[in-house]
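*Asks:* Below you will find the structure I want to go over with you.
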Amino acid sequence: MLVKKPVGRAGGALKYDLLTILGVHALGQGKTLQRQTLRLICLITARYNWQNDHLSVGQTEIARLWSVDTRTVKREMAAFRARGWLIEKRAPARGRVTVYGLGIARILDDTRTSWEVVGPDLVARLAPEPHAADRKVIPFPQVPVPEGQGAWPRIAQRLQAEDPSTYHAWFAALDICEQADEIRLKAPSAFHASYLRTHLRAALDAAAAIEAPGIRLHIH
């Protein structure tokens with residue numbers, strides 16, 4: 001999380017949040033899940049490419065990292081796939097190891113009950129409440145809303161007006177490319193893009209339907 005990879009303005013915090021909720025959730029579970037989660041965190045911190053959502057490590061190397069044999073590696077990786085925490089992106093072939101992606105949306109869903117244990121700040125970052133305006137909160141610093149011609153400035157202004165904290169945390173960091181009848185939204189990290197698609201796509205589409213009917217939105 002240094003360059004504009006799994007980073008961006010909030011990228012570093014988001015990665016730490018993900019690792020934190022994995023650990024906190026596991027510590028409230030049985031020893032088997034605790035051990036499995038520690039092994040996954042080890043893989044993420046040692047070998048996961050956040051920019052490309054890419055985990056490509058041979059079983060022998062994983063066994064060395066975990067201090068286990070390759071049979072244990074096969075069993076644990078199968079468990080991660082079954083749980084949806086790892087997603088197979090490319091099957092193994094001669095001379096090539098399996099390529100995995102991180103099932104961030106599933107991890108967020110599975111650990112949701114543990115978010116409050118970490119604190120309300122993490123909850124606000126990962127799942128901003130829809131009616132934040134109804135609560136007494138410390139306001140975020142003002143983030144300039146795009147101005148000028150085009151559909152995105154209108155959409156952005158509506159998103160900020162409806163929920164300033166969510167706009168600040170999730171929409172303000174996007175790089176925008178607007179062409180004819182489509183808008184490409186480039187997120188600062190794979191985690192950021194995944195969260196937008198999973199949790200905020202409906203709000204984005206609703207604002208676009210009002211301010212720019214017919215515009216297609218793509219999140220990358």
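*Asks:* Kindly state which helices (runs of 4 or more DSSP H) lie completely within the range 1-120 and contain at least 2 residues that are surrounded by 13 or more Cβ atoms within 10 Å (Cβ to Cβ) and of a type outside the set (A, V, I, L, M, F, W, C).
*Replies:* Qualifying helices (runs of 4 or more DSSP H): 11-27, 31-47, 59-66, 70-83, 104-111.
*Asks:* When you scan the range 106-113, do you find a residue that is of a type in the set (A, V, I, L, M), at pLDDT 80 or above, within 28 Å of Val57 (Cα to Cα) and in the same structural domain as Thr20 (by TED's automatic domain parsing), even just one?
*Replies:* yes
*Asks:* Take the residues in the range 151-193 that are among the polar types (S, T, N, Q) and over 21 Å from Asp121 (Cβ atoms), then tell me which one is surrounded by the fewest Cβ atoms within 10 Å (Cβ to Cβ).
*Replies:* The extreme case among them is Gln179.
*Asks:* I've got another one for you. Looking only at the range 188-220, how many residues end up being part of a helix (DSSP H, G or I) and under 15 Å from Ile104 (Cα atoms)?
*Replies:* The first filter runs over the range 188-220 and keeps only residues part of a helix (DSSP H, G or I), leaving 190-211.
Those still in the list that are under 15 Å from Ile104 (Cα atoms) too: 190-200.
Qualifying residue count for the region: 11.
*Asks:* Here is a further query. Taking the range 187-206, which residues are within 18 Å of Asn49 (Cα to Cα) and not aromatic (Phe, Trp, Tyr)?
*Replies:* Ala187, Pro188, Ser189, Ala190, His192, Ala193, Ser194
The values are calculated or read from the model by the stated rules, or taken from the named source; none is laboratory data. The structure presented is a predicted model; accordingly, all values stated were derived computationally and were not measured. For neighbour counting, all protein chains shown are included, and Cβ atoms are generated from backbone atoms with ideal geometry for every residue, glycine included.
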